[in-house]
Structure formats: C-alpha cells, structure tokens
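**Student:** Quick one: the structure is below, questions incoming.
The values are calculated or read from the model by the stated rules, or taken from the named source; none is laboratory data. As the structure is a prediction and not an experimental result, all values here were calculated from the model. Neighbour counts run over all protein chains shown; Cβ positions are idealised from the backbone, glycine included. Each accessible area value is taken on the protein alone, full model and side chains, heavy atoms only, with ligands, DNA and RNA left out. Shrake-Rupley method; radii C 1.70, N 1.55, O 1.52, S 1.80 Å.
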Amino acid sequence: MKNRNCILIGAGDLTVSQIPVGEEDLCIAVDGGFEYCNLLEIVPDYIIGDFDSLSESQAEVVAEIAKTAQDRVIVLPVMKDDTDMLAAIKLGLQEGCNNFRIYGGMGGRIEHTLANIQCLLYLKEHNAVGYLMEGTGMLLVAKEEAVSFRETLEGYLSVFSLSDSCNLSLDGLKYCLKEKELTSSYPLGISNEFMEGQKATVTVHKGAALLVLNLV
C-alpha cells in the first residue's frame, strides 16, 4: 500500500510558522485548529470536532462551509468517548493514511497533551506512525522495533517507557544502553544527547517507548 500522509492541525500551541501540506496529503482541521488553518492559509480537506474551542466568528465560517460542502464538516457531540483528535485520527485511517503529523497537539491543558501522546500509541497499534510536532522537535512512539536518526542531528533525545516496563538498547548516543529495562516510574532515559557524526538508534526489544526529540 502506498504511504499517505495525514496532517492534523489541533487547537493547542502552534510552535511553527508554516505547515507543509503536499498535494496528495490529507489535511484535517481538528476543532479550534481551523483557526490556525485560516491563519496559515491552509484549506483542510475535513473540519472535525465538537467546536467548543472555536471563536464565534470562526464557528460562523464553519457553518457557512457546511452549507455548501456538508461532507467536509463533521460535527461531533460534546459528550463522547473519543477526543476530537482521536476521531480525526480514525478518519485519517479510514482514508488510507498511515503516516500522521500532528500540529497544535501540545500546550494548554496538560491532559490534552497526554491524550495526544496516547493517540500516538493508538496509531502504532493500528499499523501507522504518528508524530507530535513541537517547534524544532517532535514526539513519536516506538514499539518492538528499531528507530534510527541521521548523523547530522544535534540536540537531545529522551526515552520514556509507555508500558509498565520496556526493554531497549540505545546506540550512537552520548549514553548507550544494552537491553536495559526502563520502567514507567523511573525517568532514566531523559536528556540523552546526539553525537556528531554518529547515527543514533533506539531499539525497543519489548514493550513501548515514547521518544522525545529536542533539536538545536
């Protein structure tokens, strides 16, 4: 199956000045993320949410779009099990996407950030990969796989266990590990560093890990 990107634009803190959207990419504005789309002059393929975080003026714009392109606007109930972001992810999966980039998915209320981290794990468990984009860095989930990073990266890489424990190896970083167990109650993997000219690799032998890149 051909890889297809899904660009999700949420209502959290926007830490970039532009969002690259290719012609074949699926772009979804998630609730208040529609305001960022207008700011960056991005026309999303879908607008989805309960719209509780939209300004009154933007809510009127969405209502006008719904009149002429009803299939582009998906209104969710306020009382529901799925978050707006998870509903958007499920839509992207239905559309055949397997590579997801989430902008505006962090900041604000901490529970929203944590929910979006869990969404990264949801994607991994549904044969897709997701990235929470954060300025010059990003977050992603690795589950029983190896993830490598190019030699030119500079900055920090932190690794946290998303399961009760995970067994992993770290190579090409300032601090290396060999089949070390990380637990969800001890942050041993914080603030590792990329080494100039070395390809860094995180190998998760068992369990799931959250990888946090903070580049300089």
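**Student:** Could you work out how much longer the chain between Ser165 and Ala66 gets when fully extended? Use 0.36 nm per residue separation minus the Cα distance between them, nm to one decimal. It would help to have the intermediate numbers written out before the result.
**Tutor:** Details: separation 99, 0.36 × 99 = 35.64 nm, distance 4.62 nm.
Residue separation times 0.36 nm, minus the Cα-Cα distance, leaves 31.0 nm.
**Student:** Go through Lys124/Lys180; Lys143/Lys199; Lys124/Lys174; Lys174/Lys206; Lys143/Lys178 and tell me which ones have a Cα-Cα distance over 24 Å in this structure. Don't skip to the end; give the middle numbers.
**Tutor:** Values: Lys124/Lys180 22 Å; Lys143/Lys199 20 Å; Lys124/Lys174 27 Å; Lys174/Lys206 22 Å; Lys143/Lys178 17 Å.
Going by Cα-Cα distance, Lys124/Lys174 fall outside the 24 Å limit.
**Student:** Hey, another quick one. How tilted is helix 84-94 with respect to the longest principal axis of the chain? Cα atoms for both, answer in degrees (0 to 90, nearest 10).
**Tutor:** Taking Cα atoms only, the helix is inclined about 90 degrees.
**Student:** Round to a whole angstrom and tell me the spacing of the C-alpha centers of segment 176-198 and segment 62-124.
**Tutor:** If you average the Cα positions of each part, the centres end up 31 Å apart.
**Student:** Let me ask another. Suppose we keep just the DSSP beta bridges with both residues in the chain; what percent of those would be antiparallel, to 5?
**Tutor:** Counting DSSP beta bridges with both partners in the chain, the antiparallel share is about 65 percent.
**Student:** Find the all-direction average of the projected area of the Cα convex hull for segment 1-41, expressing the result in square nanometres with one decimal place. Can you show the working numbers first?
**Tutor:** Working: hull surface 12.8 nm².
That works out to 3.2 nm², a quarter of the Cα hull's surface.
**Student:** If you average 1/r across every pair of different Cα atoms in the chain and take the reciprocal, what Kirkwood value do you get, in Å? Intermediate results must be reported in sequence, preceding the final value.
**Tutor:** Values: mean 1/r = 0.0550 Å⁻¹.
18.2 Å is the Kirkwood radius here.
**Student:** Okay, next question. Can you give the net charge of the other residues whose Cβ lies under 12 Å from the Cβ of Gly197, counting K and R as +1 and D and E as -1? Walk me through the numbers on the way to the answer.
**Tutor:** Values: positive: Arg150, Lys199; negative: Glu151, Glu154, Glu196.
Here the charged neighbours net out to -1.
**Student:** Reported to two decimal places, what Rg/Rh ratio describes segment 80-143 when computed on Cα atoms with Rh from the Kirkwood expression?
**Tutor:** Rg divided by Rh gives 0.94.
**Student:** Name the residues whose placed amide hydrogens come within less than 5 Å of the amide hydrogen of Phe100, ignoring near sequence neighbours (fewer than 5 apart) on the same chain.
**Tutor:** Those lying under 5 Å, H to H, from Phe100 are Cys6, Val129, Gly130, Tyr131.
**Student:** In segment 1-44, which GluC sites (Glu not before Pro) fall in coil by DSSP and have 13 or fewer other Cβ atoms within 10 Å?
**Tutor:** Numbers: sites: Glu23, Glu24, Glu35, Glu41; in loops: Glu23, Glu24, Glu41.
Of the GluC sites (Glu not before Pro), the ones in loops of segment 1-44 whose Cβ has at most 13 other Cβ atoms within 10 Å are Glu23, Glu24, Glu41.
**Student:** Something else now. So if we plug the beta-carbon distance of Lys206 and Asp52 into 1/(1 + (r/R0)^6) with R0 = 35 Å, what FRET efficiency do we get, rounded to 0.05?
**Tutor:** Efficiency computed from Cβ-Cβ geometry: 0.30.
**Student:** Which cysteines in the chain lack any other cysteine whose Cβ sits under 4.7 Å from their own Cβ?
**Tutor:** Unpaired cysteines in the chain: Cys27, Cys37, Cys119, Cys166, Cys176.
**Student:** OK, next. Work out the P(r) tail for segment 88-203: percent of alpha carbon pairs separated by more than 25 Å, whole number. Provide the component values of the computation, followed by the final result.
**Tutor:** On the way: 1705 of 6670 pairs.
Cα-Cα pairs in segment 88-203 separated by more than 25 Å: 26 percent.
**Student:** Under a point-charge model restricted to the Cβ atoms of Lys and Arg (+1) and Asp and Glu (-1), what is the dipole moment magnitude of segment 6-90 relative to its Cα centre, in debye to the nearest 20? Write down the numbers at each step before the final one.
**Tutor:** Details: 4 positive and 17 negative charges, 22 e Å.
So the dipole magnitude of segment 6-90 works out to roughly 100 debye.
**Student:** Could you give the length gained by full extension between Arg109 and Ile190, i.e. 0.36 nm per residue of separation minus their alpha carbon distance, to one decimal place?
**Tutor:** The span from Arg109 to Ile190 would gain 26.9 nm if fully extended.
**Student:** A follow-up question, please. Quick check: residue separation of Lys199 and Leu215 times 0.36 nm, minus the Cα distance between them. What number comes out in nm? Walk me through the numbers on the way to the answer.
**Tutor:** Working: separation 16, 0.36 × 16 = 5.76 nm, distance 1.47 nm.
Roughly 4.3 nm would be gained on extension.
**Student:** Rounded, prolate or oblate: which fits segment 1-73 when a ≥ b ≥ c are the square roots of the eigenvalues of the alpha-carbon gyration tensor, with rounded for a/c under 1.5 and prolate only if a/b beats b/c? Write down the numbers at each step before the final one.
**Tutor:** Details: a/c = 2.00, a/b = 1.30, b/c = 1.54.
Because a/c hits 1.5 or more and a/b fails to exceed b/c, segment 1-73 counts as oblate.
**Student:** Less than 13 Å from a label point 7 Å out along the Cα-to-Cβ axis of Val16: which backbone N atoms in segment 96-114 qualify, by residue?
**Tutor:** The answer is 100-106.
**Student:** Over the chain, average the accessible area per residue using a 1.4 Å probe and give it in Å², no decimals. Write down the numbers at each step before the final one.
**Tutor:** On the way: 11610 Å² over 216 residues.
Using a 1.4 Å probe on heavy atoms only, each residue of the chain averages 54 Å².
**Student:** Using Cα atoms only, what is the angle between the long axis of helix 56-68 and the major principal axis of the chain, expressed in degrees (0 to 90) to the nearest 10?
**Tutor:** Approximately 70 degrees, to the nearest ten.
**Student:** Where does the longest stretch of the chain lie that holds no trypsin sites (Lys or Arg not before Pro) found in a DSSP loop with 12 or fewer other Cβ atoms within 10 Å?
**Tutor:** Details: sites that count: Lys2, Lys80, Arg109, Arg150.
After excluding every exposed loop site, the longest remaining stretch is 3-79.
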